[in-house]
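Structure, as structure tokens:
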Amino acid sequence: MKQTLPNLILIIFRKEFREIFRDKRTRMQVIISPLIITPVLFALVGVLAQGQAERTKTRTYSLGIVNSAAYPDFVKRLKSAAQSSPQFTLTDMKTEAEGSASIRDRKVETVIVFPTDTAQKLASSQIVEVKMLTDDGNENSQNATRILTGVFQKINDGIVKTRLNEQGMSVDVLTPFKVAEKNIAGAGGSGMLILTQMLPYLLIFSVFGGSIYAAFDQVAGEKERNTLETLLVSPARRRDIVLGKFMAVFSVGLLSAGMAIIGLMIPFFSHLKIYDWLAQGGLHLSATSIAVIILSVLPMCLLFAGLLLGVSTYARNQKEAQSYLGTLFPLVTLPALLSLFVGTDSGIKIALVPILNASIMIKQALNGNYNPSFIAVAFIASAAYAGLVLLYAIRSFEKESILLKA
């Protein structure tokens with residue numbers, strides 16, 4: 001009579017784990033790819049961000065001016081306020097409609113429309129309503145508008161200072177309060193948003209991608225090779241077989257996640273120049289954050305191992321199992337995407353949503369805003385979901401119609 005023994009489960013686990021890593025593709029997908037993708041991605045982000053910053057500084061923006069004769073001092077004040085960097089090429093225009101058409105045709109990036117009585121209103125200390133035409137769908141137009149808004153602020157300050165001096169007054173009378181902001185969120189508070197948006201995706205897909213081949217080869221692959229029957233006639237119960245295979249897939253997913261976390265640590269602790277943008281942006285990664293991230297990937301590994309093993313058991317072969325990925329990928333990506341719109345202070349109900357709860361745990365770790373209750377509920381919920389799909393795999397193993405279908 002077949003018996004359930006812990007050593008049988010471990011024997012199956014060791015056998016399956018060794019067989020998984022005999023394939024070079026698995027070693028590449030589980031170890032190499034997660035280890036290098038984060039350092040490469042962070043290096044690429046740094047290079048692109050630095051290049052964009054340099055281009056923004058040195059770029060020459062095209063500016064259209066309607067009724068420039070109404071305020072002839074604008075060009076001089078523009079160069080003085082902007083300190084000639086970035087540069088502007090100026091084009092005189094007759095009407096606002098001409099300016100709008102020029103923006104739509106990408107001939108200019110921004111158009112300033114001065115009222116015809118600008119000089120008279122300034123002389124009489126009246127407010128001059130200046131229109132700034134822009135294109136929100138054009139990044140260069142947005143940059144030019146942002147720069148010009150700052151230029152007008154400097155022009156306003158200069159005019160106000162002149163008027164107050166003429167009255168024998170100090171400009172300080174206009175600013176009774178001087179507010180100084182002080183960031184107390186820690187060194188990474190200002191720039192951590194970038195990391196909290198990217199990291200959940202990287203970790204989730206590292207775990208999911210690393211577990212796919214392992215799970216599909218465990219059952220669906222053995223159906224193709226006709227080697228599953230050998231296990232079925234062994235002294236181990238079918239439940240032992242499923243648990244051993246589940247432990248193997250779980251370990252592979254955990255290893256993949258571990259490689260991704262090590263890859264994440266490289267940019268922060270390698271002190272390479274290409275990652276200087278992290279320190280300059282105030283990004284950091286503490287030991288506590290790393291510990292919570294590790295804790296957050298455990299329920300994902302459990303869930304993905306059970307889910308993918310269940311799919312592998314149901315499928316006739318690996319090709320059919322891979323066809324089910326079209327349904328599985330949205331189920332994985334959608335919760336990860338929702339994490340972009342859910343804050344770290346979300347209620348306990350969010351902790352019940354699989355994958356999303358792990359993403360929020362990662363965000364909490366990076367922000368240093370830990371919620372032990374949320375973490376506990378998320379872990380238990382994900383473990384429960386993993387148990388359900390694992391139970392399905394066990395039940396499927398006990399049905400000859402599913403297990404041995406060709």
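The values are calculated or read from the model by the stated rules, or taken from the named source; none is laboratory data. The structure presented is a predicted model; accordingly, all values stated were derived computationally and were not measured. Glycine gets a Cβ as well: all are built from the backbone with ideal geometry, and neighbour counts include every protein chain shown.
Across the stretch 1-24, what is the total count of residues that are part of a helix (DSSP H, G or I) and at pLDDT 80 or above?
Number satisfying all stated conditions: 15.
Output yes when any residue across the stretch 395-405 is among the small types (G, A, S) and under 29 Å from the mean Cα position of the chain (by Cα), and no when none is.
For the stretch 395-405, residues among the small types (G, A, S) and under 29 Å from the mean Cα position of the chain (by Cα): absent.
Out of the residues in the stretch 369-394 that are closer than 21 Å to L199 by Cα and in contact with a helix residue (DSSP H, G or I) (Cβ under 7 Å, 6 or more places away or on another chain), which is surrounded by the fewest Cβ atoms within 10 Å (Cβ to Cβ)?
Per the stated criteria, the residue is Y370.
Are there any pairs with C-beta distances below 6 angstrom linking a residue in the stretch 212-238 that is outside any helix (DSSP H, G or I) to a residue that is surrounded by 23 or more Cβ atoms within 10 Å (Cβ to Cβ) and of a type in the set (G, A, S), with the two at least 6 apart or on different chains, and if so which?
If the second residue must be surrounded by 23 or more Cβ atoms within 10 Å (Cβ to Cβ) and of a type in the set (G, A, S), the pairs left are V219/S312.
Pick from the stretch 134-167 the residues that are in contact with a helix residue (DSSP H, G or I) (Cβ under 7 Å, 6 or more places away or on another chain), in contact (Cβ under 8 Å) with a residue 24 or more places away in the chain and charged (D, E, K, R): which of them is farthest from R77 (Cα to Cα)?
Filtering the stretch 134-167 for residues that are in contact with a helix residue (DSSP H, G or I) (Cβ under 7 Å, 6 or more places away or on another chain), in contact (Cβ under 8 Å) with a residue 24 or more places away in the chain and charged (D, E, K, R), the one farthest from R77 (Cα to Cα) comes out as D135.
Identify the single condition in (1) surrounded by fewer than 18 Cβ atoms within 10 Å (Cβ to Cβ); (2) part of a helix (DSSP H, G or I) that S141 does not satisfy, given that it satisfies every other one.
(1)
Please find, within the stretch 215-253, the residue that is farthest from L199 (Cα to Cα) out of those that are at pLDDT 90 or above and surrounded by fewer than 20 Cβ atoms within 10 Å (Cβ to Cβ).
Looking at the filtered set, the residue picked out is M247.
What helices (runs of 4 or more DSSP H) lie completely within the stretch 277-338 and have 1 or more residues being in contact (Cβ under 8 Å) with a residue 60 or more places away in the chain and either in contact with a strand residue (DSSP E or B) (Cβ under 8 Å, 6 or more places away or on another chain) or under 14 Å from S359 (Cβ atoms) (or both)?
Result: 287-314, 325-338.
Any chance the stretch 357-365 includes a residue that's in contact (Cβ under 8 Å) with a residue 40 or more places away in the chain, of a type in the set (D, E, K, R), assigned by TED's automatic domain parsing to the domain that holds A248 and surrounded by 18 or more Cβ atoms within 10 Å (Cβ to Cβ)?
Yes, there is a match, as at least one residue in the stretch 357-365 is in contact (Cβ under 8 Å) with a residue 40 or more places away in the chain, of a type in the set (D, E, K, R), assigned by TED's automatic domain parsing to the domain that holds A248 and surrounded by 18 or more Cβ atoms within 10 Å (Cβ to Cβ).
Criterion first (outside any loop (DSSP other than H, G, I, E, B), aromatic (F, W, Y) and out of contact with any helix residue (DSSP H, G or I) (no Cβ under 6 Å at 6 or more places or on another chain)) does F268 satisfy it?
yes
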